[in-house]
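Undergrad: One structure, as structure tokens, below. Some questions next.
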Amino acid sequence: MWPLRAPVDAGRHAPHAAAGSVTLIIPTFNEAGNVAELLRRLGRALPADRPCEVLFVDDSTDDTPAVIEKAAADHPFPVSVLHREVAEGGLGGAVVEGIGRADSDWIVVMDADLQHPPHLVPELVGEGERTGADLVIASRYISGGSRAGLAGSYRVAVSRAATWLTKGLFPRALRGISDPMSGFFAMRRSAVAAGALQPLGYKILLELAVRSRPARVAEVPFVFQERFAGESKSTAREGMRFLAHLASLRSAAAPARMIGFGLIGLTGFVPNLAALWLLTGAGMHYLPAEIVANQAGVLWNFVLIEVLLFRERRRHRHWADRVGRFALLANADLLLRIPLIAVFVAQLGMGVLPATALALVTTFVLRFAATEALVYLPRRTSPADASPADASPAEPGRHTRS
Ligand code: GDD
Ligand code: MN
């Protein structure tokens, strides 16, 4: 990467760590006809009192970097180009590389072809600051927005079908996000789980929403414009990559985490039996001792699962809330298993051993799913309805719609 221009005056364009600083990440693939006009409009749109810089991540085979260099010469903000010799991960890979280089508070991602109106950039960041949202999406699908620039009814239909499919596959992660296909958004850098990102193709917002799970999301309507110059780089092959991306996101880590959950569950037998031995040794009747000893196993499992499995998903609930829910689910598992075994034996005519094994597997899978959903998944709260410190569940607010 070469910075095309040093900051003009250090007072105005303070070093990036400054509060409220913004890095605009703009992926380019042969956009020579657009970048000068884009920079011109950005220069007018970005407020002078906010530290901003523009980073193009370029995979072009034309003279786009040279055109950027020329246009950057009289731009009020620092502009740099990271040209990649290998276009790894395509558009999404380019954005992730840009995110890795940014050290600002905010990251704004937008296209280079002016389909994303530059004047909205300050509004996206401003909305995030005002509401405490980690992610602010420019959406075509809330009132005030439109997809006017989506060329032709075929593209409109494809885009809508893809949106529905995606929202159906990720109802929880995409709650409050009306336009998961949008490529125009602002995100707090602190909310990006950079190491977890495995972008594939065009849908970088989807990748961020699903893998980073920002706790608070807001949306701002926008009108998707016509391309200023050149042609769309999206192809049928991009469509196939999108489906592969959906599949990999959907299956991501769930099996691995379930195996971890099961192994940790097995180790819980040790404290469970040890407690049982101690309690009965101290003269307690074995039945109440079983119940108390079970809690030792539950606590052991809880600590390991917290540290090993859901380390990065803990901040959404108070620890006491998590212990309570976890213990409730673990004990419910025990209670549910008995009637389940009875049903398998009496109704399905199974033997006691296979019935017990099946009940164990069934309640294990249920418990894993319930633990993940009820203890570790963030509830999506709407920044419009609640202050950042307020943890009460809320419905998507005025800028958000599912
Ligand atoms: N670095 C890099 N590498 N940039 C790329 C690549 C690539 O392989 N492919 C495309 N780009 C850049 C383009 O130069 C442009 O700035 C931006 O990514 C979007 O590409 P377009 O070719 O204009 O895509 P589009 O208009 O079909 O798709 C846009 O709209 C979709 C919503 O309908 C993008 O914004 C998508 O992200 C968005 O989902
Ligand atoms: Mn475009």
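Undergrad: Would you work out which of 336, 239, 299 lies farthest towards the positive end of the dipole of the range 231-345, given +1 charges on the beta-carbon of Lys and Arg and -1 on that of Asp and Glu, about the Cα centre?
TA: Going by the charge dipole, the pick is 239.
Undergrad: So which residue, out of 94, 173, 48, gets the largest mean-square fluctuation from a GNM of the chain using Cα contacts under 10 Å as springs?
TA: Taking springs between Cα atoms under 10 Å, the residue moving most is 48.
Undergrad: In deg cm²/dmol and to the nearest 500, what is the mean residue ellipticity at 222 nm of the chain if only DSSP H runs of at least 4 residues count, each as -39500 (n - 2.57), divided by the residue total?
TA: -14500 deg cm²/dmol
Undergrad: Relative to the Cα centre, what is the charge dipole magnitude of the range 26-141, using +1 at the beta carbon of each Lys and Arg, -1 at the beta carbon of each Asp and Glu, and rounding to the nearest 20 debye?
TA: Dipole size: approximately 360 debye.
Undergrad: Sticking with this one: Relative to the longest principal axis of the chain, what angle (0 to 90°, nearest 10) does the C-alpha long axis of helix 254-267 take?
TA: So the inclination is approximately 30 degrees.
Undergrad: Still on this structure: Pairing the Cα long axis of helix 352-371 with the longest principal axis of the chain, what angle in degrees results, from 0 to 90 and rounded to the nearest 10?
TA: 40 degrees
Undergrad: While we're here: Filter the GluC sites (Glu not before Pro) in the range 58-99 down to the DSSP loop ones having no more than 11 other Cβ atoms within 10 Å, then list what survives.
TA: For GluC sites (Glu not before Pro) across the range 58-99 that sit outside H, G, I, E and B with at most 11 neighbouring Cβ atoms in 10 Å, the list reads 85.
Undergrad: If Lys and Arg each add +1 and Asp and Glu each add -1, what is the summed charge of the other residues whose beta carbon sits under 13 Å from the beta carbon of residue 138?
TA: So the environment of residue 138 carries a net charge of -3.
Undergrad: What whole-number distance in Å separates the alpha-carbon centres of the range 183-212 and the range 128-162?
TA: 17 Å
Undergrad: Can you list residues from other chains, or at least 5 along the same chain, whose modelled amide H is less than 5 Å from the amide H of residue 178?
TA: 401
Undergrad: How large is the convex hull of the Cα atoms of the range 44-196 per residue, expressed in Å³ as a whole number?
TA: Hull volume over Cα atoms, normalised by residue count, gives 148 Å³.
Undergrad: With only Lys, Arg, Asp and Glu charged, each at its Cβ (+1 for the first two, -1 for the last two), find how big the charge dipole of the range 254-383 is about the Cα centre; round to the nearest 20 debye.
TA: 560 debye
Undergrad: Still on this structure, I have one more. As a test, work out the antiparallel percent of DSSP beta bridges whose residues both lie in the chain, rounded to the nearest 5.
TA: Of those bridges, close to 30 percent are antiparallel.
Undergrad: Rolling a 1.4 Å sphere over the protein heavy atoms, what is the accessible area per residue of the chain, to the nearest Å²?
TA: Per residue, the chain has 47 Å² of solvent-accessible surface.
Undergrad: For a quick check of your reading of the filter: which GluC sites (Glu not before Pro) in the range 189-244 sit in a DSSP loop and have no more than 14 other Cβ atoms within 10 Å?
TA: In loop regions of the range 189-244 (DSSP not H, G, I, E or B), the sparsely surrounded GluC sites (Glu not before Pro) are 226, 231.
Undergrad: Related question: Indicate the gyration tensor shape class of the range 169-294 (rounded, prolate or oblate), computed on the Cα atoms with a ≥ b ≥ c the square roots of the eigenvalues: a/c under 1.5 is rounded; otherwise a/b larger than b/c is prolate and the rest oblate.
TA: Judged from the Cα gyration tensor, the range 169-294 comes out prolate (a/c at least 1.5, a/b above b/c).
Undergrad: Among 324, 270, 354, flag the residue with its Cα farthest along the positive direction of the charge dipole of the range 254-383, charges on Cβ as +1 for Lys/Arg and -1 for Asp/Glu.
TA: 324
Undergrad: Here's something else I'd like to know. Round to a whole number: what % of the accessible area of the chain belongs to carbon and sulfur, probe 1.4 Å?
TA: 64 percent
Undergrad: Just need the relative contact order of the range 151-212 here, percent rounded to a whole number, with Cα pairs under 8 Å and 6+ apart.
TA: About 32 percent, as a whole number.
Undergrad: Further, regarding this structure: Taking 7 Å along the Cα-to-C-beta vector as the label spot, tell me the residue 286-residue 237 distance in nanometres, rounded to one decimal.
TA: 6.8 nm
Undergrad: Please compute the modelled spin-label separation between residue 45 and residue 369, points set 7 Å along Cα→Cβ, answer in nm with one decimal.
TA: About 4.3 nm, to one decimal.
Undergrad: How large is the dipole of the chain about the Cα centre if only Lys and Arg carry +1 and Asp and Glu carry -1, each at its Cβ, rounded to the nearest 20 debye?
TA: Computed charge dipole of the chain: roughly 1180 debye.
Undergrad: Over the Cα atoms of the range 254-383, how large are the radius of gyration and the largest Cα-Cα distance (Dmax), in Å?
TA: 16.3, 55
Undergrad: Can you give the FRET efficiency for residue 362 and residue 303, using 1/(1 + (r/R0)^6), R0 = 35 Å, r = Cβ-Cβ distance, to the nearest 0.05?
TA: 0.85
Undergrad: Using only the alpha carbons, work out the radius of gyration and Dmax of the chain in angstrom.
TA: Both quantities, over Cα of the chain: 25.7, 85 Å.
Undergrad: Roughly speaking, what is the centre-to-centre gap between the range 19-69 and the range 314-349 when only Cα atoms are used, to the nearest Å?
TA: A separation of 53 Å, based on Cα centres.
Undergrad: Which angle between 0 and 90 degrees, to the nearest 10, do you get for helix 286-304 versus the longest principal axis of the chain when only C-alpha atoms count?
TA: Helix 286-304 and the main axis of the chain meet at about 20 degrees.
The values are calculated or read from the model by the stated rules, or taken from the named source; none is laboratory data. Everything quoted here is computed from the prediction, not taken from an experiment. Positions of Cβ are generated from backbone atoms using ideal geometry, with glycine treated the same way; all protein chains shown enter the neighbour counts. Note: accessible area is taken over every heavy atom of the protein model, side chains too, but ligands, DNA and RNA are not part of it. Shrake-Rupley method; radii C 1.70, N 1.55, O 1.52, S 1.80 Å.
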